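Values in this text are rule-based calculations from the coordinates and carry no lab data. Just so it is clear, the model here is predicted, and its values are computed rather than measured. Here the Cβ positions follow ideal geometry from the backbone for every residue, glycine too, while neighbour counts run over all protein chains shown.
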Amino acid sequence: MEKIYIIEHTPSIFGNVKVSGSKNATLPILIATLLCNEKCIIDNVPEIEDVKTTVELLLACGAKVNWNKKEKIIEIDPPQDCPTIAPYKIVSKMRASILVLGPFLSKYKRALVYLPGGCSIGPRPINLHLMAMSKLGAEIDVNHGYIKSQVKDRLKGTTITFPKKTVGGTQNAILAAVLAKGTTIIENAAQEPEVVELVKALRQAGAKIEGEGTSVIKIKGVDELSSFHVKIIPDRIEAGTFLGLAATIDGEITIKDAPICHMESILKKFKEMGLEMKYDEYEDIGTIYVKKNKRLKGIEVSTEEYPGFPTDMQPIVMAACLKAEGCSVIRENIFDNRFVHVNEFIRLGANISVEKNTALVHGVKKLTGAVVEASDLRAGAALVLACASAEGKSYLLNVEHIERGYENFEQKLALLGIKIEKILKKEEELEKLRKIGK
Ligand code: EPZ
């Protein structure tokens, strides 16, 4: 049985929505508990598939996990001894599992990690992760789809210069360097808030790190880490997704617990479209009041590393441009193949042409419902926005992608007035739907 969404045309939306904890802040912080010696507590943890998968991974590493889903709190007792294996069935589900490499090598001196594959947004190489580990002195052997690695004695501090900014690569290098001998300098480090939050948690446990949020991070290795108790920041991409919804469908919504301090580039672009928003720009986390009662204007946007416009918002802002006035130019500079959603938008009646890493979106007056497929988390969310603004009924397949990173997504949307229902369909029924659609 497969889960699909049935989404009907929604003329307007109204109401409140609360932003959940950030998926991309939660995953590395959960994995960082492997470095600690005592129980760690993490608050505001979103109940999403990728967190479930990470908990599975921690259990496989010998950790004890107590997840109070109602209170959104996870308590983790790190393992005394750890098998340091990240198996195929887990890594193939979630490529962020590769972040166990740093802790395995830093604390346990050995690792056997299944090589994460690509996904719909590109090949997703991990060469920069491996470069960082070998610079720190790990022996790396990649064969038969596995990364086999070991450390003689202890990782040694060094200078790691990333040729391009990588969020996961920076996080893995930090997770490896915190227990290395000596000092590590990471140059051209990623500056995303999810890197900063990981450093704050490690520092609470006794790590000596400075420079997070800048492109140079300095880490002085320590002998051991105690524990941390942190609260996960709200998800800036989920907040941006609801801004995208408000830019796609007329109405008035209130987005609570939005991490305004991490959304400057997102807010700027929706303002350029003409979306009416009210919020206190001096509040780190606050409420955004959004109103739309007219056709918005198309824009030009290029994805960049933080603090630039996030690649994860690219499908979302494209959804908002489908019926905007004029032509929008959307450039994807981070991933090689992050336009898989374009064909699905075209099936809904959008007018989009793609040339290399640039999509030209000519605003249309109307979209019409169709059978469409989610290819990844953000494309799936963007398709929900487009289907809700399309006339008639749409069927969105592969919604498990969305459940990986959006907590209670259809419930939050339904409370705003979106006509959405999740149902189970047999594979043969899906085939029929796909045939209608194609
Ligand atoms: C993180 O992925 C996020 N995932 C992604 O969010 C996000 O899109 C991405 O950062 C960029 O912001 C998590 O945090 C779990 P990268 P990551 O390493 O770390 C290339 C979502 O929707 N690269 O910053 O894997 C890579 O191919 C997900 O939540 C190498 O070439 O991204 C890409 O072109 C989707 N070699 C660029 O760098 C490497 O070893 C940036 O990737 C690593 C990356």
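So the values come out like this:
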{"item": "Expected-Rg normalisation [2.2 N^0.38 Å, Cα atoms] applied to segment 272-417", "result": "1.03"}
{"item": "q = 0.07, 0.13 Å⁻¹, the chain: log10 I(q)/I(0) [Debye, one scatterer per Cα]", "result": "-0.34, -1.14"}
{"item": "Antiparallel bridge percentage (DSSP; both residues within segment 23-231; nearest 5)", "result": "75 percent"}
{"item": "Degrees separating the helix 167-177 axis from the principal Cα axis of the chain, which is the longest one", "result": "20 degrees"}
{"item": "For peptides 379-385, 165-171, sequence by mean Cβ density within 10 Å, most packed first", "result": "379-385, 165-171"}
{"item": "Antiparallel %, DSSP beta bridges [both residues in the chain], to 5", "result": "70 percent"}
{"item": "Packing-based order for 407-420, 146-159, using average beta carbon neighbours within 10 Å, highest first", "result": "407-420, 146-159"}
{"item": "Spacing of the two label points (7 Å from each Cα toward its C-beta) at Lys291 and Arg434, in nm", "result": "4.6 nm"}
{"item": "Cβ-based exposure ranking for Glu194, Glu272, Glu355, in which fewest neighbours within 10 Å come first", "result": "Glu355, Glu272, Glu194"}
{"item": "Kirkwood Rh in Å, taken over all unlike Cα pairs in segment 166-285", "result": "16.2 Å"}
{"item": "Two-site label geometry, Ile140 and Leu360: point separation in nm, points 7 Å out along Cα→Cβ", "result": "4.1 nm"}
{"item": "Normalised alpha carbon radius of gyration of segment 1-142 [divisor 2.2 N^0.38 Å]", "result": "1.23"}
{"item": "Prolate/oblate/rounded label for segment 23-231 (Cα gyration tensor, a/c 1.5)", "result": "rounded"}
{"item": "Pair Glu38, Ser215: separation of 7 Å Cα→Cβ label points (nm)", "result": "3.9 nm"}
